[in-house]
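Structure first, then comments.
Here, each number is a calculation from the coordinates, and none is a lab measurement. In this text, all values refer to a predicted model and were calculated from it rather than measured experimentally. Don't worry about glycine lacking a Cβ; one is built from the backbone with ideal geometry, like all the others, and counts go over all protein chains shown.
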Protein chains: 2
Amino acid sequence: MANADIAQRKAMAADWFAQAQQRLIDEMERIERDCPGPFSPEAAAPGRFELKDWKRTNHDGAEGGGGRMAILRGRVFEKMGAHTSVVQGTFAPEFAKQIPGAEEDPRFWAAGVSVIAHPWNPTVPTAHMNTRFVVTSKAWFGGGGDLTPVLDRRRNQEDLDSQAFHAAMRGACERHAAPYDKYKAWCDEYFWLKHRNEPRGIGGIFYDYLEGADWDADFAFTRDVGTSFTRAYADIVAANCAQPWSEADREEQLVRRGRYVEYNLLYDRGTIFGLKTGGNVDSILSSMPPTVRWP
Amino acid sequence: MANADIAQRKAMAADWFAQAQQRLIDEMERIERDCPGPFSPEAAAPGRFELKDWKRTNHDGAEGGGGRMAILRGRVFEKMGAHTSVVQGTFAPEFAKQIPGAEEDPRFWAAGVSVIAHPWNPTVPTAHMNTRFVVTSKAWFGGGGDLTPVLDRRRNQEDLDSQAFHAAMRGACERHAAPYDKYKAWCDEYFWLKHRNEPRGIGGIFYDYLEGADWDADFAFTRDVGTSFTRAYADIVAANCAQPWSEADREEQLVRRGRYVEYNLLYDRGTIFGLKTGGNVDSILSSMPPTVRWP
């Protein structure tokens, strides 16, 4: 592909990830304002995202791009991160092997947006979304969204939230002729806690190495995953955020969050890869739940 | 070595680990009774250890030994685990390579005792000790103890607790002509959080693959590590447990515990190895702090 084309695609993708972040910020701040409560006694006024730009240094000391962290600590969301990054550099030799197209040429460029929400109210599920565009000597999209209801009585496929979330992810796939069943199964496989022999949540979709014949179509699908996630999750939060909860629900939520920590530190490729390759620790670990219990 | 000799050594080691567990239980329950407070409002009477035996199934379905968990949830210790295990089986081929002496013959036997204490009072340091005897076609001891003061103002080498803990570990080494400086440096290297570029605590000692010419001497050293740890930590708890603490201290403690979780799930060989090879999840993860914050 001509260099001018790939440069344009990088710019378009990076631009979109920034837009997706802004939409999420707008939508979630609206929920912070509109939700009638109940709120945690620890929370005060409606929360606003705090923005923080960061710069990355490549392992060889070169400038490596950076990103914009957006963190909300509010009365609906105990903690929510919605971060973008646009980074470039070269892979260290031990990592180049693991990355498609990097063995021939270790240079890479990657941009993405990543969201994780930890609501106060245990009846509101935790949610995660990530979409990314990675360029080595190949160029591909990856991403997905998944939902984790934190109460046992709600963490099942029959729950209305589960059905709504799956319908949204299915819709994004079907509008772009993406293989929904494959991506749904990939999500179930990816978010599996092997040591506990249990899934992280109720699933969603996961895809990677998407490098089809039609870049515009792949990009349109990736955008749709982002917008569908934001809309579906906003609806799920709104539908649950006025429900009362008990101390027992809160305890169950804090213990379930422990599973989220176990998943992220034991299995999540992005987290482990980022932490072991000098990524931005604050940004990577902002996905960690604010308060967690292993009783 | 004659089979009868190795059988006797296994029995002696397993016996000692059970004794070390019992000493720890006695000592820590005494502290639970004698400490005058202040106690957390969440804690009531002096805590007692709950004992729970568990059995292990080898990856090939054979009986694989088991262990005895001892967990204390008290008024001095928010959570403390002191567990023994005596396990045997065969390593799966992908792990045999990583274990000395297992490539020739995948059979193994291992016994050990493992302790981790999470006190309520943030002025009382967190502590960890493990000693083990592993038999493949080789046979070696490993172990160590380390201390993690959770308040920045106390987590330094000049603090009296740090000095007392180091002196105890040095004593155990010197009484048995073990190379203290080497084991101290090994501990600093092992308990290093690479992604944060910081140590876990103030250190201690760590040793592994100890297979000297004199088994009795190696065993005596390993026993001394256990008894020295228990005595030193009991003194440190007693010296601090009546000190008052603030809400800010408690918050600092909960955040510092997050580093402990990061360490255990990202780096600790025993934890990761255990979780990925079908170990006892309850026992392995009982090392996790009871309440943790990533604010």
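So the values come out like this:
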quantity: Leading residue at positive end of dipole, the range B:184-295 (Cβ point charges), from B:Ala232, B:Ile205, B:Tyr260; calculated: B:Tyr260
quantity: Partner chain coverage, peptide A:270-276 - average Cβ within 10 angstrom; calculated: 2
quantity: Per-copy distances of the A:Asp53 label point, shortest first, in nm (7 angstrom along Cα→Cβ); calculated: 6.5
quantity: Of the GluC sites (Glu not before Pro) in the range B:146-233, those whose Cβ has at most 16 other Cβ within 10 Å and which sit in DSSP loop; calculated: B:Glu158, B:Glu211
quantity: Candidates A:Gly47, A:Gly278, A:Gly64: whichever shows maximal mean-square fluctuation once chain A is modelled as a Gaussian network with Cα springs under 10 Å; calculated: A:Gly278
quantity: Spatial separation of Cα centroids for the range A:28-102 and the range B:1-59, in angstrom; calculated: 43 Å
quantity: Highest-fluctuation residue, B:Asp216, B:Asp15, B:Asp208 considered, GNM on chain B with Cα pairs under 10 Å; calculated: B:Asp216
quantity: Positive-end extreme of charge dipole, the protein assembly as shown - chosen from B:Trp294, B:Gly61, B:Ile284 (charges on Cβ); calculated: B:Trp294
quantity: Label point distance in nm, B:Gln19-B:Arg48, each placed 7 Å from Cα along Cα→Cβ; calculated: 2.6 nm
quantity: Under 5 Å, built H, 5+ apart or other chain: amide partners of B:Phe77; calculated: B:Trp120
quantity: Residue with peak Gaussian network fluctuation, chain A [Cα springs, cutoff 10 Å], from A:Phe91, A:Phe77, A:Phe141; calculated: A:Phe91
quantity: Inter-probe distance in nm under a simple model that places probes 7 Å from Cα toward Cβ, at B:Lys55 and A:Asp26; calculated: 6.2 nm
quantity: Integer Hz, Karplus 6.51/-1.76/1.60 couplings in order for the range B:10-17, x for Gly and Pro; calculated: 4, 5, 5, 5, 4, 4, 5, 4
quantity: Order by protection proxy (mean Cβ within 10 Å, highest first), peptides B:119-129, A:284-294; calculated: B:119-129, A:284-294
quantity: Charged-residue dipole, Cβ positions (Lys, Arg, Asp, Glu), chain A about Cα centre, Debye nearest 20; calculated: 440 debye
quantity: Ordering of B:221-228, B:24-31 by burial proxy (mean other Cβ atoms within 10 Å per residue, highest first); calculated: B:221-228, B:24-31
quantity: Karplus (6.51, -1.76, 1.60) ³J(HN,Hα), θ = phi - 60°, over the range A:147-163, in Hz, Gly and Pro reported as x; calculated: 10, 10, x, 9, 9, 3, 5, 10, 8, 8, 6, 7, 4, 4, 4, 4, 5
quantity: Angle between chain B longest axis and helix B:180-190 axis [Cα atoms, degrees, rounded to 10]; calculated: 80 degrees
quantity: Nearest-20 debye value, the protein assembly as shown charge dipole, Cβ charges on Lys, Arg, Asp, Glu; calculated: 500 debye
quantity: Cβ neighbours within 10 Å from other chains - mean over A:253-261; calculated: 2
quantity: Under 9 Å, Cβ to Cβ, from A:His176 - net charge with Lys/Arg +1 and Asp/Glu -1; calculated: -2
quantity: Estimated FRET transfer efficiency when R0 is 22 angstrom, pair B:Val281-B:Gln157 (beta carbons, to 0.05); calculated: 0.05
quantity: Chain lengthening between B:Ser40 and B:Glu174 when straightened (0.36 nm per residue, less Cα-Cα); calculated: 44.3 nm
quantity: Unmatched cysteines, chain A - criterion: no other Cβ of a Cys under 4.7 angstrom; calculated: A:Cys173, A:Cys187
quantity: Relative contact order %, chain B, counting alpha carbon pairs below 8 Å whose residues are six or more apart; calculated: 17 percent
quantity: Alpha carbon centroid spacing (whole Å) that separates the range A:214-244 from the range B:211-252; calculated: 51 Å
quantity: Within-11-Å neighbourhood charge of B:Ala111 [Cβ basis; K, R +1; D, E -1]; calculated: +2
quantity: Mean Cβ neighbour count within 10 Å, used as a protection proxy, ranking A:104-114, B:53-63 highest first; calculated: A:104-114, B:53-63
quantity: For the range B:3-285, radius of gyration divided by Kirkwood radius, i.e. Rg to Rh on alpha-carbons; calculated: 0.96
quantity: Percent of Cα pairs exceeding the 16 Å cut-off, where the set is the range A:33-152; calculated: 69 percent
quantity: Charge sum, other residues only, whose C-beta stays under 12 Å from B:Asn3's C-beta, Lys/Arg counted +1 and Asp/Glu -1; calculated: +1
quantity: Lys/Arg +1, Asp/Glu -1 at C-beta; the range A:3-285 dipole; positive extreme among A:Ala178, A:Ala102, A:Thr126; calculated: A:Thr126
quantity: Per-residue HN-Hα couplings for the range A:211-222 [Karplus 6.51, -1.76, 1.60; θ = phi - 60°; Hz; x = Gly/Pro]; calculated: 9, x, 5, 10, 4, 4, 5, 4, 5, 5, 4, 4
quantity: R0 of 56 Å, Cβ-Cβ distance A:Ser137-B:Ala2: FRET efficiency to nearest 0.05; calculated: 0.40
quantity: Shortest-first nm distances, A:Asp26 label point to equivalent points in other copies (7 Å, Cα→Cβ); calculated: 7.0
